[in-house]
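Here's the structure, in structure tokens; my notes come after.
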Amino acid sequence: METLAMHISNGIINGPVAAIFAVIALAAMAFCVMRGRQDLDDRLAPMAGLVAAFIFAVQMLNFPIFTAGVSGHLLGGALAAMLVGPWVGALCVAVVLVVQALVFGDGGVAMLGLNITNMAVIGIAAAYLLIALLLRVLPRTTTGLAVTAFVAALVSVVVAALGFVVQYQLGGTTDLGGNLAGLAGTMAVSHLFIGIGEGLITATTVVTVAKVRPDLVYALRALKPAAPASVPAVGGVR
Amino acid sequence: MRKRSWGFIVGGMLVALLLAGVVSNYASAHPDGLDSSLRAGCTFDADDEITGGSCPAQQEKEHEIGGPLADYGIAGLDNDFLSTGLSGVLGVLLTFAVAGGAFWLVRRRGSAEAPDAAGSRDAAQPSTAATGQG
């Protein structure tokens, strides 16, 4: 039977670099707990549990991509950032990665810091920066929301993939003979296609939730259009 | 309102269970973007063993734990469909329990309610939406 490894396996990145990223990931997650507590109330806590469980489920659904013989699966960063915010969202993705590494043998335990840094930290950061920007400039319509989710998801996947390339440059265990560009190229191209799938899944899911329960979409609550009472109109002259 | 939230959670969990328990069996078996990038440069036989060439995947080492659910299957269960589906269902439930439980423990308590006498939380519910946070 084929093995289903989705994340960085043991031996791919050397121990010292993996350890450094474990420290980075741990510090980032501690910070997310501090900031996330502000967001976590009686309503968001179960919702965040659902988001983590949903990401676990959809990560199992490898979809074929344009390049023959290669598949992709959801990373979930943009989805989590959209639905429960960047801090709690990063913790959701991290929990999924920890469960996968400890229980499902997917992604080395020693490699957890690398995987968490790429998908829960870098991926979420890229996604939320774009979400915050796009939700402000795009019209507040279903289309605007869908485009926001799609673009944030696509870019976050590519950026997360490039995070791995940087890690490989620092501590990759195979001497690529100076051909890191080759690895960067295959990672970028394959994840560009994966990002399209990620974008479609994220946009569909977010739009569905927004239709059923708009109050449960964190990004719509947190990034409200400028309130006319308290904020002067953009470009207004006093 | 709280009741409707729980309805949404239950509905969402049913979708997740269906995806992980059933749809997962129709997922592509090809290596994913990361895996295929690490395999570039090597040749593989039908059992997915490396037969030649040079690629990062050659350095791959055993997982520290493995365990009965390793590789999204149930050890000893011969039926692939059941094995994948059940491991997915267990994973969804476990992830919800771990994440939901941890978030519930660290959540902000007594949010937005007036610091009344203990025990009057439910009575104070209706006005919270209007006031928001400071």
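No lab work stands behind these numbers, since they all come straight from the coordinates. Worth saying up front: this structure is predicted, and the values here are computed from it rather than measured. Please note: Cβ atoms are built from the backbone with ideal geometry, for glycine as well, and neighbour counts cover all protein chains shown.
Points worth noting:
- Principal axes of the protein assembly as shown: Cα extent on each, largest first, Å: 69, 55, 37
- Mean partner shielding of peptide A:94-104, defined as the number of other chain Cβ atoms within 10 Å of each residue Cβ, is 6.
- Label sites at A:Asn14 and A:Val137, each approximated as a point 7 angstrom past Cα along Cα to Cβ, lie 4.2 nm apart.
- Normalising the average separation of contacting C-alpha pairs (under 8 angstrom, six or more residues apart) by the number of residues puts the relative contact order of chain A at 26 percent.
- Estimated from the Cβ-Cβ distance and a Förster radius of 35 angstrom, the FRET efficiency linking B:Leu77 and A:Gln169 is about 0.30.
- C-alpha center-to-center spacing [the range A:44-75, the range B:9-28] in angstrom: 10 Å
- The charge dipole of chain A, taken about its Cα centre with unit charges on the Cβ atoms of Lys, Arg (+1), Asp and Glu (-1) only, comes to about 900 debye.
- With the gyration tensor restricted to C-alpha atoms of the range A:9-105, the semi-axes of the equivalent ellipsoid amount to 25, 20, 11 Å, longest first.
- Rounded Å value of the spacing that divides the Cα centres of the range A:190-225 and the range B:37-78: 33 Å
- Only helical runs count toward this figure. For the protein assembly as shown, summing -39,500 (n - 2.57) over DSSP H runs of n ≥ 4 and dividing by all residues gives -19000 deg cm²/dmol at 222 nm.
- At least 27 Å along the helix axis (C-alpha) and Kyte average at least -0.5, DSSP helices within chain A: A:15-39, A:142-171, A:180-212
- Taking a point 7 Å out from the Cα of A:Val212 in the direction of its Cβ, the residues of the range A:75-91 whose backbone N falls within less than 15 Å of it are A:83-84.
- Take each residue of peptide B:42-48, count the partner chain Cβ atoms within 10 Å of its Cβ, and average: the result is 1.
- Counts of other chain beta carbons within 10 angstrom of each beta carbon in peptide A:175-186 average 2.
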